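Report on one structure; see the data block that follows.
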Amino acid sequence: MATYKPRVISLTKRPGQTFGFYLRAEQSEEGHLIRCLELGGPAELAGMKDGDRILRVSGTFVDNLNHSEVVELVRNGGASVTFHILDESSYKQAKALGVNLSDPQSTPITNGVAKEAPKPKLCYLVKSSSGYGFSIRSAAGEQGVYFIEVIPGGVADRAGVQNKDQLLEVNGENVEKSTHDQVVEKIKQAGNDVVFLLADEETKKFYENKQAKLSSWSATVKYLPLQPRIIKMTRGSDGYGFLLRQEPNQIGHFTIDIDRGSPAQKAGLKEMDRVVAVNGKDVTNTSYEQVVDKIKQSGDKCCLLVVDKDTDQMYKKGNVPPMLFWEEMNETISPPSYTEAMKMSASSQEKKEELKPKLCRMEKTSSGYGFHLNGIEGVCGQYIQEVVKGGAADKAGLEDDDIVVEVGGVNVEQSTHAEVVEMIRESGNSLEMLVASRDVYKQLKAKEVTITCLLLEETTRSQHHKADTPETSKKNQNETRPVTPPKAEKQRTASVSSSSSEESFDESL
C-alpha cells in the first residue's frame, strides 16, 4: 500500500555557486520539477533525480504555489536549503489518488487517523479437479461482474478472491464493460490457470471518489503465489561468479554457469533466472551490452531483480511487469541523506581507483569514431554513450558515461552540446579527448579539483589510452561475466548524436 514519504535533502552551496539543478514549470506536467542536474553538483550528489518534484522548501509546502514564488523561496534560503522531494512516479500516482501531499506523512486521512490508500489486487488461480471454486454475477442494467459463492478453502479463496470483489481484468484484458457471457467465455479460454485483477468495495469507492482509473499499475502483488527475487551481491576476488546470456528467440537476459560458493550463488541466484532490473533500473528492453555495463558500473555491490521461469510465465500471463513487485517492496524506503550521500561518494572505489582522468586519442575510421555524445541541447555538461565495441573510441579507452572535460586541449565543461559537437567535427580525422569516469568526476569536483592533463602527473605517453592499444581477447557477445565483460562485436553506425529536451522556462538553482 503506497505511503508517499518524501525524501528530505539538505543542500549547501559555496559563494558564487549554485545548488546544481534547474527548477522548471512545464505545461504538460504538474508540480515543480527538478531538471538538468549538474554532474557532480550538490543536488546530484545528494540523490536528486531528473523529474523529482519539490514539495517543501525549508519547511514551506510549495506544491500549491506558482513557479516564481518557489524560486524566490529557494533564493531567499541562502547558502543552505532543505528540500522535501518526491520521485516522479510517486508524485503522479499520489495526484491521481488525491493524496494530501501537504500532510507530513503524505498518506490519506480517515477519521483523523493516517491510513494507506486501498489498492486493487492481482490473484493467480490454478484450476483443481472441482474447478476454481466461485461463481460470478452481473446485475441487469449495471456494468461490472462480481464474485459470489466463493467456496471457503477453495482455489479462489486461497488465491485471495472474496465475495463481492469486482472483476476488472482477465489475463491483462479489461472486462469492466464486457457482458456476463463474454467474461465467462474469457475465463474458459484461459485454460487451467488465470490471473485476475480485482477490486473490493472499499477500493472501488476510493477510486470513484478520486475519479481515478483502476488498473494493474496501482495493484498489489502480495496475493500472487510466485514472486520475483531481489539478489544482493558483493563482488568477490573472482567477480560475482555467473555468466549473462541472451537466449535465441527469447526476450531478456539470463543467468547461467553460476559458480559454486560464489557471491551469486550465496545470494540466491539460480540457473536461467531472467534479469528484470539492475540496481532498480528496468533492463527488459535494454541491449545486452548496456546490461553488462550497468553491472560493471555497480562497483563492488550489485542488486538484481530476477524471475525464474514459472514466475516469469505467471507475470506474463497477467500482463504484469515484475517491476511492480520492486516498487511495492521499495515504496517506503528513502534514499540516503545529503551527508550520507557525500560520504558514500567520497569513499566509493577510492581505494581501488585512482582519481585521474583519461586522455584518449583516436583516428577516425570509415564508420566514424564510434560513440555518441549525449547532453541536453543548450545545457552544459556532455557525456559519452553507446561506445561501439571494437571501434576507434573503444580502442582509445572511452567508456559509456565518461564525462567529457576537454576536446583538443580546450575545456568544454561550460560549453553547450552544439559547441562540443562542432569542435569534434572540426578536429578532422584525429581527436584527442580528456574524459573522466562519472565516479572520478564526482569525487574530483567534490574536492574542488580542477580536471586537467596535469592530474596525469608522470604518466608517460605510452600509458595514455590510444586507439592502437592491444585489444583483450574476444568472446561470444551473448555470454560473458558481467564483472569483466569481453570485447564483443556490435554492428552499429558510429556517430556523434545528442539527446535534447523540449524547451521551457526554468531557473538555475
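Read the figures in this text as sums done on the coordinates, not as results from a lab. What you see is a predicted model; the values in this text were computed from it and never measured. As a convention, Cβ positions derive from the backbone with ideal geometry for all residues, glycine included, and neighbour counts pool all protein chains shown.
How long is the gain from residue 265 to residue 185 if the chain were fully straight, where each residue apart is worth 0.36 nm and the alpha carbon distance is subtracted?
Full-extension gain reported as 24.4 nm.
On the Cα set of region 7-110, report Rg and Dmax in Å, please.
Expressed in Å, the Cα Rg and Dmax of region 7-110 come to 13.4, 48.
Report the extension gain between residue 227 and residue 79 in nm, rounded to one decimal, defined as 0.36 nm multiplied by the number of residues separating them, less their alpha carbon distance.
Contour length minus the Cα-Cα distance gives 48.7 nm.
With the radius of gyration and the Kirkwood radius both derived from the Cα set of region 121-218, what is their ratio Rg to Rh?
Ratio of gyration radius to Kirkwood radius: 0.94.
Which net charge results when you count Lys and Arg as +1 and Asp and Glu as -1 among the other residues whose beta-carbon is under 12 Å from that of residue 53?
-1
Can you give me the Cα centroid spacing of region 133-172 and region 1-65 in angstrom?
If you average the Cα positions of each part, the centres end up 44 Å apart.
Counting other beta carbons within 10 Å of each Cβ, put 102, 262 in order, fewest first.
If I rank by nearby Cβ atoms, fewest first, I get 102, 262.
Net charge near residue 191: determine it from the other residues with C-beta under 12 Å of the C-beta of residue 191, scoring Lys and Arg +1 and Asp and Glu -1.
Once all neighbours under 12 Å are counted, the net charge is +3.
First select every other residue whose beta carbon is under 9 angstrom from the beta carbon of residue 293; then total the charges, Lys and Arg +1, Asp and Glu -1.
The answer is -2.
Would you please give the FRET efficiency between residue 65 and residue 212, computed as 1/(1 + (r/R0)^6) with r the Cβ-Cβ distance and R0 = 25 Å, to the nearest 0.05?
With a Förster radius of 25 Å, E is 0.55.
For region 402-462, compute Rh as the Kirkwood radius over C-alpha pairs and then the Stokes-Einstein diffusion coefficient at 25 °C and 0.890 mPa s; write the answer in µm²/s, rounded to an integer.
Answer, rounded: 195 µm²/s.
Can you sort 165, 50 by how many other beta carbons sit within 10 Å, fewest first?
The most exposed by this proxy come first: 50, 165.
Just to be sure I follow: if Rg is taken over the C-alpha atoms of region 246-311 and Rh is the Kirkwood radius over the same atoms, what is Rg/Rh?
0.93
Which order results if 284, 450, 203 are arranged by neighbouring Cβ count within 10 Å, fewest first?
450, 284, 203
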